[in-house]
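The values are calculated or read from the model by the stated rules, or taken from the named source; none is laboratory data. Since the model is a prediction, treat every value here as computed from it, not as a measurement. As a convention, Cβ positions derive from the backbone with ideal geometry for all residues, glycine included, and neighbour counts pool all protein chains shown. Side chains are part of the model used for accessible areas, which takes the heavy atoms of the whole protein and leaves out ligands, DNA and RNA. Shrake-Rupley method; radii C 1.70, N 1.55, O 1.52, S 1.80 Å.
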Protein chains: 2
Amino acid sequence: MDKANPLLSEMALKTPSWLSQKGPLSQIVVSSRIRLARNLQDVPFCPWAKRGELDQVLRAVKAAAKRSPLLKNLTLLSLHHLSALDCFFLMERHLVSQELAMEGGARAVIFDADEITSLMVNEEDHLRLQRFGSGLCLVPCWGEIAPLDRELRSLLPVAVSQEFGYLTACPTNVGTGLRASVMVHLPGLVQIRQIDKVTKAVTQLGLAVRGLYGENTSITSDFFQISNEVTLGKREEDIISGVEKVARQIYDYEESARRRLMAEAKNVIYDKVGRAHGLLKSAHLLNFEECMEYLSAVRLGVDLQILKDVSMETLNELLFLIQPAHLQKLAGSELVPEEIDSHRAKVVREKLGNASSL
Amino acid sequence: MDKANPLLSEMALKTPSWLSQKGPLSQIVVSSRIRLARNLQDVPFCPWAKRGELDQVLRAVKAAAKRSPLLKNLTLLSLHHLSALDCFFLMERHLVSQELAMEGGARAVIFDADEITSLMVNEEDHLRLQRFGSGLCLVPCWGEIAPLDRELRSLLPVAVSQEFGYLTACPTNVGTGLRASVMVHLPGLVQIRQIDKVTKAVTQLGLAVRGLYGENTSITSDFFQISNEVTLGKREEDIISGVEKVARQIYDYEESARRRLMAEAKNVIYDKVGRAHGLLKSAHLLNFEECMEYLSAVRLGVDLQILKDVSMETLNELLFLIQPAHLQKLAGSELVPEEIDSHRAKVVREKLGNASSL
């Protein structure tokens, strides 16, 4: 039960392809994600389902996946067959939610080798289908996920109401069951203290702004998630274009914040970027938040061409590697917090090309 | 009057030889200094002397210096011929005191090319003779300064009382007029929070402990000056051996603090040293105190062989170069504070071999 899954150990060494930095506007709009919530007819929603009913859902999904041309070659992992560390690892990969990682019972995830498409089984909803992409690419993500959704609906009895649309465990998802979100990197707006103003404006447009690590953590960083709140009474395409439009505006705001900083406070930016880079290359103990803060500054430095010997690929790789479960997967064993901080610092030094300096 | 003195601009590029790091125990006892206070008979002490009387002292000293085999080839600079920046520069070189640098009137300094021996004229006392050396070397410093003192006394009418000894402007210097001091670097004792205990013990032995920048500044660092308080009723040799003995004890305490840290908190020390090194190599704005803090940590790292590609010579050089007047001498112009912080960071990056990274 608790043996490390070899597939996951291998995954720990590579960056998911949706962080390839190849998509449109990806220097600021890092990635896009479309998520669909679906539930099976005649089975209680997960929060109220009995153990046997969750088993029934998982069996039905497994059977459907086998018959699905789009799903049959994907990997299926039952979470109760994995160690706690492996479950946390999948959470850090954004393949399962905290909810799915922490709870017992018949829960599973199906995903492709590139980690672009995944299907969570028995999370808050029976089915949560998601598709990631690099940069601002909500429309193509929707173009890829819609056929899979149609296929699943042809293979499974999905709960739909004539009046409301798709039925979901939480009323906030009823209707389309769709959440379109983008991860944006806004160090410029944070630095010129305009981030609260932007956040407020986005909220007034009916969208939600969250920190990188979602609703349940206090970790702050210059990374934010922007997504739709309303899922009901709108066409999927309209929801998606609404989020996309706001993402483009935020891109422009961030660009102009960066230009303003370089014009008015060049020394301060060079100092911030330089110090962050220097610290990451030389610290021997790094906690997660501090590390994220410096990675954010270095990312800004790379985009502004202040730092020329750091690649965005390395920074994206580090966004994953510095997480606790990733570090433990790399180390091949469970670690206590101080060991994690020490391993994190070592991985960062190595990736930034300073392995031999101390 | 305000033109930069070319000799001083040249001096700004080199480190005084007493920071050569070649003396005994110099990894902790950085340098030693002997200072003698002398006054001329029948002239009021400087704080009460009229302008004409200060002129009279300076003329007498100049005439004596010409006839002195030990002084005649040394450089004499009249401070009222120098710009304010040059006066501050001499203060940063430890060749003149703040008092001498800031006040008007007939004030001067005589010093040798190595900046080991100097004679301040019309500071608090008419004559303040000092000798520096690398490491713990109070006895040799005394051996070098005593003949010069004898020579001066043979050439000038020095005020001596049968009862008290040498008479001085401040009663705390009466008697021998001698202050023997050492500059010690105690990052280990600061880190293990034993510095206050050591300071208290030293004070109870009748010695004074001051920060690196003397009595009149609030700047703190891991560098301290230890010197005798009592100048009266003791032979010079006994005062000197008293300070030397305490310096040796402090050396032992600091050594054992460092050993303890490496045994019990190696990760923390590597982290502190690594971060300091990384920051110095990459910051673009550095204020003086922060810079001193990091230089202190890097110095510790070099001594503990954590950092192998930094030389103690470079660190000693930087102890001088990061000072505001030095930076302005190097820049060839007066600078505003933010420019000073930017120049300081640039000089540090260059000296630590990171000139091209940003």
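Please give the FRET efficiency for A:K62 paired with A:S9, using the beta carbon to beta carbon distance and R0 = 25 Å, rounded to the nearest 0.05. Write out the running numbers ahead of the final one.
Details: r = 24 Å, r/R0 = 0.97.
The value I calculate is 0.55.
How many times 2.2 N^0.38 Å is the alpha carbon radius of gyration of the protein assembly as shown? Write out the running numbers ahead of the final one.
On the way: Rg = 35.3 Å, N = 716, 2.2 N^0.38 = 26.7 Å.
This ratio for the protein assembly as shown stands at 1.32.
Explain nothing, just the number: relative contact order of region A:172-295, from Cα pairs under 8 Å at least 6 residues apart, as a whole percent. Each step should come with its number before you reach the end.
On the way: 136 pairs, mean separation 36.8, N = 124.
In percent, rounded to a whole number, it is 30.
Taking only Cα atoms, what is the 0 to 90° angle, nearest 10, from helix B:51-67's long axis to the longest principal axis of chain B?
The answer is roughly 80 degrees.
Defining the label point at 7 Å along Cα→Cβ, can you sort the distances from A:M262 to the same site in each other copy, shortest first, in nm?
4.6
Relative to the first principal axis of the alpha-carbon coordinates of chain A, what is the inclination of helix A:236-264, with its axis defined by its Cα atoms, in degrees from 0 to 90 and to the nearest 10?
Taking the Cα atoms of chain A, the angle to A:236-264 is about 10 degrees.
For the Cα atoms of chain A, what angle does the longest principal axis make with the long axis of helix A:312-321, in degrees from 0 to 90, nearest 10?
60 degrees
Looking at chain A, which longest stretch skips every one of the GluC sites (Glu not before Pro) that is in a DSSP loop with at most 11 other Cβ atoms within 10 Å, leaving the sites themselves out? Please list the in-between numbers first.
Details: sites that count: A:E163, A:E215.
Value returned for the longest uninterrupted segment is A:1-162.
When the chain is fully extended, how far beyond the present Cα-Cα distance does A:R210 get from A:L74, taking 0.36 nm per residue of separation? Working shown, then result.
Values: separation 136, 0.36 × 136 = 48.96 nm, distance 3.03 nm.
Contour length minus Cα-Cα distance gives 45.9 nm.
Which sequence of A:M312, A:M102, B:M91 reflects their accessible areas, 1.4 Å probe, from the largest down? Intermediate results must be reported in sequence, preceding the final value.
On the way: A:M312 20, A:M102 115, B:M91 50 Å².
Ranked from most to least accessible, the order is A:M102, B:M91, A:M312.
What ³J(HN,Hα) values, in whole Hz, does the Karplus curve 6.51 cos²θ - 1.76 cosθ + 1.60 give for region B:18-33 when θ = phi - 60°, with x put for Gly and Pro?
Taking θ as phi minus 60°, the curve returns 6, 9, 5, 6, 9, x, x, 6, 6, 5, 10, 8, 5, 7, 10, 8 Hz for region B:18-33.
Run the reach check for B:K72 against lysines, Cα to Cα strictly under 17 Å, same-chain hits fewer than 8 apart removed. What comes back?
Leaving aside lysines fewer than 8 places away in the same chain, those within reach of B:K72 are B:K62.
Using the Kirkwood radius built from alpha carbon pairs, what does the Stokes-Einstein equation give as D for region B:124-224 at 10 °C and 1.306 mPa s, in µm² per second?
Values: Rh = 16.1 Å.
The estimated diffusion coefficient comes to 99 µm²/s.
Less than 26 Å apart at the alpha-carbon level, and either on another chain or at least 8 residues along: which lysines does that give for A:K245?
The qualifying lysines are A:K22, A:K197, A:K200, A:K234.
Might you work out the accessible area of A:D309 for me, using a 1.4 Å probe with all protein chains in place, and round it to the nearest 10 Å²?
Rounded to the nearest 10, the figure is 100 Å².
Where a Cα-Cα gap under 20 Å defines reach, which aspartates and glutamates qualify for A:K50, not counting those fewer than 8 residues away within the same chain?
Of all the aspartates and glutamates, those that pass the test against A:K50 - Cα under 20 Å, at least 8 places apart if same chain - are A:D42, A:E99, A:E103, A:E123, A:E124, A:D125.
If I model a spin label as a point 7 Å beyond the Cα along the Cα-Cβ vector, how far apart are those points for A:E289 and A:V336 in nm?
The modelled label-to-label distance comes out at 2.2 nm.
Output, in nm with one decimal and in ascending order, the distances from the B:A201 label point to the matching label points of the other copies (7 Å from Cα along Cα-to-Cβ).
So the distances to the same position in the other copies read 6.3 nm.
Would you tell me the mean number of C-beta atoms belonging to other protein chains that fall within 10 Å of each C-beta in B:267-273, as a whole number?
On the way: counts 7, 3, 1, 7, 9, 3, 3.
That works out to 5 on average.
Can you classify region A:52-130 as rounded, prolate or oblate using the Cα gyration tensor, where a ≥ b ≥ c are the square roots of its eigenvalues, rounded means a/c under 1.5, and otherwise it's prolate if a/b beats b/c and oblate if not?
Oblate.
Determine which residues of region B:172-210 fall in the zone a paramagnetic label at B:S256 would reach in this model, i.e. backbone nitrogen under 19 Å from the point 7 Å along Cα→Cβ.
Zone members listed by number: B:185-205.
Distance in whole Å from the A-onto-B rotation axis to the closest C-beta of chain A, together with the residue it belongs to, please.
Residue of A nearest the axis onto B, distance in Å: A:G278, 2.
Could you state the principal axis extents of the C-alpha atoms in region B:265-357, from the largest down, to the nearest angstrom?
Result, largest extent first: 44, 24, 21 Å.
Find every distance from the label point of A:P147 to the corresponding label point in the other copies (7 Å from Cα along Cα→Cβ) and write them in nm, one decimal, shortest first.
A:P147 label point versus its equivalents elsewhere: 9.7 nm.
Taking a temperature of 37 °C and a viscosity of 0.692 mPa s, what whole-number D in µm²/s does Stokes-Einstein yield for region A:57-99 with Rh from Kirkwood over alpha carbon pairs?
D = 284 µm²/s.
Going by Cα centres, region A:92-137 and region B:1-35 are how many Å apart?
First find each Cα centre; the distance between them is then 65 Å.
Among B:K14/B:K329; A:K272/B:K281; A:K346/B:K266; A:K272/B:K351; A:K281/A:K346, which pairs are too far apart, with a Cα-Cα distance over 18 Å? It would help to have the intermediate numbers written out before the result.
Values: B:K14/B:K329 12 Å; A:K272/B:K281 13 Å; A:K346/B:K266 15 Å; A:K272/B:K351 20 Å; A:K281/A:K346 9 Å.
Beyond 18 Å: A:K272/B:K351.
If the label point is 7 Å along Cα→Cβ of A:D112, which residues in region A:9-52 have backbone nitrogen under 13 Å from it?
Residues A:17-18 qualify, since their backbone N sits under 13 Å from the label point.
What shape does chain B have by the C-alpha gyration tensor, where a ≥ b ≥ c are the square roots of the eigenvalues, rounded means a/c under 1.5, and otherwise prolate means a/b greater than b/c and oblate the rest? Intermediate values should be presented prior to the final figure.
Values: a/c = 2.26, a/b = 1.36, b/c = 1.66.
It is oblate, given that a/c is not under 1.5 and a/b is not larger than b/c.
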